[in-house]
């Protein structure tokens, strides 16, 4: 046993898969301590807030400011305010005004502005320039100049008695506050989803639920497959025929279809995460049953099994001590694959709208489903779905790597 | 002395394991086979006899690697040739091989005739399909194989038939040397007999000129081959005629090996069978002295430190031991 | 030919047995469940109604419409009889459109998308797997982890990723549908062009997903075959490596056909979900809209059609396999 384990951990594939899986599990365990609370709490009012650090504007105003004179602050402000269209329009103007733009980089704000201030003249009449376009350039010029002009915002608040606005403070362009001193700061590394929920918190919780679904599905499938395989293989005869008949039928009929039919029939209200998991397990045992059966048949007439039979050991004891240890590796491998396919099945069911009911817990599939329902993929909110896809892929990749590693240890012909 | 067909001089080859360790499986083997003669190789499993068979082909692919030595077939040294030249001019044509597991030696999804075509065309690229078929049919008929076999897949043939087909295909180009690695050990008795009969026919009809026969079944060697050599831990420990080797083995290992078998000859009744205790040495680090010393009942201290060379004695015999021939014979007498 | 007849006979028998089982399951599973689809539909239709007798009235009407007021066995015979007439009932969400009508327009899209995509993915995957096994060093080191990773990207994940990259960001492919939304299906060149451009992303996402798994399987199968005894034997007969590699890949490919038959159900399942992402007008999207609209007859019919499709493909693959692998024929003689 110890030796086998050492061999297993010597397989680089198994080790890599194991480490990835362990890291995922570790994150699931540690993250809730760092960011406690209900993962389905809707903290945002809008949909799909971008990933980043959010700090309260209200608190920021009340935080004492330091004056910092940064030479490039204005340029940055201008650069940020100028869209690509503005830049292209400026280049168009230069071309019309026959300004030499040789070697000009459209992304180089400094060079662009220098050229602009040196040459722009709103009174200049250019060929083919419509009035609307002309006004557009005027507006552009004004807005750029405004940003560059030394300006302060004045903060007012209504007086309690008279209702008149009273000046409270000025905010100058050179005022900076330390983010660490702002009272309310919220980090949303993956933004929020369509319901305004913290995606990272939700993702961690969903990963946990999905892995549990995979595990339950795997346990159910392995239990059914193992029992049927053992019975068919060890008892043989008529029982074997019947079990194999059923197994063969369920091998050909796609489990995906059965899953849909059963999930739909159960109905939305009864469909908790564990029910979905059990249903998945019920539809994916055939492979285990087949491989266990063929292994048991080859073991059935081995000497040590015959010896046990002659010694009058009970069926249960023979199966537990003389058969199970020999097929354990296959069962473990089948179990790992079933966990991974269980997670995938849940995701696909949820995408069809047949996933666990939505009010209790998030699952990876449900997150995917919500993101798709709210068109996260077409409106550029990658943070709502891409981490989900990546998580599913990594879980399944790590499980499959472990499986391949085990396969190479237990089937030496496949070794490189 | 007849015309020497196969001469091997101090051949050394090694396996390289996954962990880049060298295993010296054939370590300085020399012997000769004359025209019309067959030589048997005996030894425990793992002694290097199958590796010797592979090494003699002059065509090495990982994990087997050539180190040094000469393989001379009918006067032509093939050990210096480049692999492609060996493949084209030697393999199948000069020297042919019958593998240990003939059950799986044929591609299961290919018709036998297609395989025969591939074999012949590898050496005669212009050979015409019809001509190949007639050649194959003629040869199969000569060897007593039904011609229908040619149009079957390997999976459709019985074990014995598969092995005979392998032998017929291996020798279709009438090679000078045939190397048979346990060609009959996996078969039932009847098929075994037919295979042996076929090997004899090959020699009698001149389709092969000499044969190296490897087996762990000593009685079979005595039956089939003219000479026998005994291999231990990658080296030859004793050579002689079949009769001499069975009835007068000199080396303690051959003596032990022969003692562990029954030969259906008069006078053997009543002798007890003995097994040799212990296991062969690790060939990753072969011992410096006699390789058999650890298991030898007669070993002295010096056996473990002296490198031991093959010593000739009698008529063309040789053995690899420090103790004198007469001394050993005397010891065996008194047991 | 006798062996083939037995094999095909067995396969045809199995096809019908599984077909019957599938029909029974499709009928019985929803009826075994505690929630009754008719009451679910009634509940939806009657939401807001306070008059219990009116609700009862609606329930009765749907019971009659779906025939659920009759005994189970009688319902089953009606179900089968209707099935033979191609009558799959009336859609609930697209009332009064016939379910068979909805499905027959969707099934063409699904078959035209999935069949070529899965086949191309299978072929490319096998080719890459074989290359990885043959070239090994370097190529294998890079390709294998990539293929392993790729094979674990769920089909819908690949679909979303491709959609975002090529349709949303690069804008070189349309975002959704089987053809431009402002067109009416016809045989014009303009329509075909639109169909082809909408076809690309769903097609390649299915191809990419199937490549990975196939490549990994083919690689280990090829490595297994490269170590087979017949490879060594053929080499020792002087057959060129290129020819031997041909044997190996043919033999490694055969189990991949069976593998495809076993995994086709899962692959189609994944591809159906990918259809939803692209709003492709196939069975996947039909099923999705049926689920969202709680259109019970449509769901039941879609699952049945998908099962039958999978059964037919599996059956055809079994038949093809019987022809290309001589071992099948031989096994029938043994049995």
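The values are calculated or read from the model by the stated rules, or taken from the named source; none is laboratory data. In this text the structure is predicted, and so the values were computed from the model without any measurement. Please note: Cβ atoms are built from the backbone with ideal geometry, for glycine as well, and neighbour counts cover all protein chains shown.
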| message | On the basis of being at pLDDT below 90, over 30 Å from residue A:74 (Cα atoms) and in contact with a strand residue (DSSP E or B) (Cβ under 9 Å, 6 or more places away or on another chain), does residue A:195 make the cut? | response | yes
Within segment B:46-78, the residues that are within 14 Å of chain C (Cβ to nearest Cβ), in a loop (DSSP other than H, G, I, E, B) and within 14 Å of residue B:8 (Cβ to Cβ) are B:57, B:58, B:78
Here, helices (runs of 4 or more DSSP H) confined to segment A:54-173 with at least 3 residues that are closer than 30 Å to residue A:43 by Cβ and not assigned by TED's automatic domain parsing to the domain that holds residue A:198 are A:57-62, A:73-81
From the option list A:352, A:366, A:406, single residue qualifying as more than 9 Å from every other protein chain (Cβ to nearest Cβ), touching a residue at least 60 places away in the same chain (Cβ under 8 Å) and either touching a strand residue (DSSP E or B) at 6+ places or on another chain (Cβ under 7 Å) or farther than 27 Å from residue A:51 by Cα (or both) is A:406
Of the residues in segment C:122-165, those that are under 24 Å from the mean Cα position of the chain (by Cα), more than 10 Å from chain A (Cβ to nearest Cβ) and more than 18 Å from residue A:399 (Cβ to Cβ) number 9
**Asked** So is residue A:306 more than 20 Å from residue A:243 (Cα to Cα) and within 41 Å of the chain's Cα centre (by Cα) or not?
**Response** no
Subset of segment C:292-321, residues touching a helix residue (DSSP H, G or I) at 6+ places or on another chain (Cβ under 7 Å) and at pLDDT below 85, comes to C:294, C:296, C:297
Among helices (runs of 4 or more DSSP H) entirely within segment C:14-118, at least 2 residues that are at pLDDT below 75 occur in C:37-45, C:52-66
Of the listed residues (C:311, C:317), the one being more than 9 Å from chain A (Cβ to nearest Cβ) and in a helix (DSSP H, G or I) is C:317
Selection over segment B:160-188 where residues are closer than 16 Å to residue B:107 by Cα, in contact (Cβ under 8 Å) with a residue 40 or more places away in the chain and more than 13 Å from chain C (Cβ to nearest Cβ) yields a count of 0
Per the filter on segment B:29-39, residues closer than 18 Å to residue B:175 by Cα and outside any loop (DSSP other than H, G, I, E, B) are B:32, B:33, B:34, B:38, B:39
Log entry, pairs with first residue in segment C:169-184 being under 12 Å from residue C:201 (Cα atoms) and away from chain A (no Cβ under 14 Å), second being at pLDDT 80 or above and part of a loop (DSSP other than H, G, I, E, B), beta carbons closer than 8 Å, six or more apart or on different chains, reads C:178/C:280; C:178/C:281; C:178/C:282
Going through segment A:259-281 in order, the residues found to be assigned to a helix (DSSP H, G or I) and within 7 Å of chain C (Cβ to nearest Cβ) are A:260, A:261, A:262, A:264, A:265, A:266
Those residues of segment A:44-83 which are crowded, with 16+ Cβ neighbours inside 10 Å, in contact with a strand residue (DSSP E or B) (Cβ under 7 Å, 6 or more places away or on another chain) and either under 25 Å from residue A:386 (Cβ atoms) or free of Cβ contacts under 8 Å to residues at least 60 places away in the same chain (or both) amount to A:44, A:48, A:49, A:51, A:54
